[in-house]
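A.B. asks: Submitted below is the structure of interest, expressed as structure tokens.
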Amino acid sequence: FLRRKKGRVEFVTETRVNTDQFRKYNDLMKESTALKKAGKFNEAVEKIKEAYKEAQEKSLTLTVNDYLKLPPYLQKAGKNDEAWAWFNDLIRPFASDPMSLSQIYGKMGLFRERENNPKDAIKYNVLSSMYWCLGLHEQVTQLGWTDRKPELTRCKQNISDGYGKILKKAGCEHLEGGLKKLISEHMKVFPNIRMPDVVRDINKLVSERTE
């Protein structure tokens with residue numbers, strides 16, 4: 001997420017938990033990790049929820065990475081529906097932050113893969129890449145972070161590549177050319193990409209070619 005510090009806007013990817021204010025939150029998160037490692041997944045879920053409650057009560061600022069720690073715990077506990085609902089609930093508060101949305105959609109894609117549904121993961125991987133490009137675009141054009149220009153250029157140039165692995169897992173290697181073309185078409189209107197249209201077209205591509 002973005003925050004202002006001494007007149008400068010900076011991108012924050014991790015919560016800093018080394019202060020007294022964060023000590024209890026940090027301890028609870030460590031306990032949840034230990035419970036997860038011990039195979040006590042339900043207890044780990046409750047502990048991480050307790051940590052989130054602590055953060056809420058003390059008005060601590062958490063990042064999207066902090067909130068994305070819960071779905072894998074829920075998945076291990078066999079609570080896939082609750083995990084998926086958590087992802088969707090996260091999208092709303094981070095709707096104006098492309099970088100955070102990129103991370104959410106990336107984790108949603110990984111979640112689908114772990115559910116043995118790589119075909120559905122394809123669109124989330126694409127959305128993750130597109131939102132990352134949009135985030136870089138905002139940093140360069142709105143925040144004046146000119147040092148991010150090379151990364152933005154590479155992101156736009158290579159965004160149609162890198163899906164071979166997930167396509168292979170989904171048994172959709174034959175769709176690689178079609179997917180590249182689809183992504184390139186939507187990138188023509190960058191940064192004014194209509195994400196619902198991207199999802200619609202990917203769903204159509206996958207369903208039509210695999211029926």
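For every residue, the table says whether it meets (1) within 27 Å of LEU35 (Cβ to Cβ); (2) open to solvent by 10 Å² or more (accessible area, probe 1.4 Å); (3) in a helix (DSSP H, G or I); (4) at pLDDT below 95.
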| site | (1), (2), (3), (4) |
| --- | --- |
| LEU74 | yes, no, yes, no |
| ALA83 | yes, no, yes, no |
| GLN103 | yes, yes, yes, no |
| LYS107 | yes, yes, yes, no |
| ARG112 | yes, yes, yes, no |
| TYR124 | no, yes, yes, no |
| MET130 | no, no, yes, no |
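A.B. asks: Looking at (1) among the aliphatic types (A, V, I, L, M); (2) assigned to a loop (DSSP other than H, G, I, E, B); (3) open to solvent by less than 50 Å² (accessible area, probe 1.4 Å), can you tell me which one LEU143 breaks?
C.D. replies: (3)
A.B. asks: Name the pairs: first residue in segment 83-99 and in contact (Cβ under 8 Å) with a residue 24 or more places away in the chain, second residue open to solvent by less than 50 Å² (accessible area, probe 1.4 Å) and outside any helix (DSSP H, G or I), Cβ to Cβ under 6 Å, at least 6 apart or on different chains?
C.D. replies: Close Cβ pairs (under 6 Å, with a partner that is open to solvent by less than 50 Å² (accessible area, probe 1.4 Å) and outside any helix (DSSP H, G or I)) amount to ASP97/PHE1.
A.B. asks: Six or more apart or on different chains, Cβ under 6 Å: which pairs go from a residue in segment 153-164 that's closer than 18 Å to ASN192 by Cα and in contact (Cβ under 8 Å) with a residue 12 or more places away in the chain to one that's part of a helix (DSSP H, G or I) and open to solvent by 70 Å² or more (accessible area, probe 1.4 Å)? Could you list them?
C.D. replies: Correct list of pairs: SER160/LYS180.
A.B. asks: Considering each of SER184, SER160 in turn, give the residue that is farther than 21 Å from MET108 by Cα, of a type in the set (Gly, Ala, Ser) and open to solvent by less than 70 Å² (accessible area, probe 1.4 Å).
C.D. replies: Sole residue among the options that is farther than 21 Å from MET108 by Cα, of a type in the set (Gly, Ala, Ser) and open to solvent by less than 70 Å² (accessible area, probe 1.4 Å): SER184.
A.B. asks: Across segment 104-144, what is the number of residues that are more than 19 Å from GLN157 (Cβ to Cβ) and of a type outside the set (D, E, K, R)?
C.D. replies: Qualifying residue count, segment 104-144: 16.
A.B. asks: Could you tell me which residue of segment 85-101 is surrounded by the fewest Cβ atoms within 10 Å (Cβ to Cβ), considering only residues that are under 21 Å from THR33 (Cβ atoms) and under 11 Å from the mean Cα position of the chain (by Cα)?
C.D. replies: Only one residue fits best here, namely PHE87.
A.B. asks: Same structure, new question: Considering only segment 31-72, state which residues are more than 20 Å from SER100 (Cα to Cα), buried (at least 16 other Cβ atoms within 10 Å of the Cβ), within 22 Å of the chain's Cα centre (by Cα) and not aliphatic (A, V, I, L, M).
C.D. replies: Passing the criteria: SER32, LYS36.
A.B. asks: Mind checking which residues of segment 165-211 are more than 22 Å from the chain's Cα centre (by Cα) and touching a residue at least 60 places away in the same chain (Cβ under 8 Å)?
C.D. replies: Across segment 165-211, the qualifying residue is only THR210.
The values are calculated or read from the model by the stated rules, or taken from the named source; none is laboratory data. Everything quoted here is computed from the prediction, not taken from an experiment. With ideal geometry, Cβ positions are generated from the backbone for all residues, glycine too; neighbour counts draw on all protein chains shown. Remember, those area values only see protein heavy atoms, side chains included, never the ligands or the DNA or RNA. Shrake-Rupley method; radii C 1.70, N 1.55, O 1.52, S 1.80 Å.
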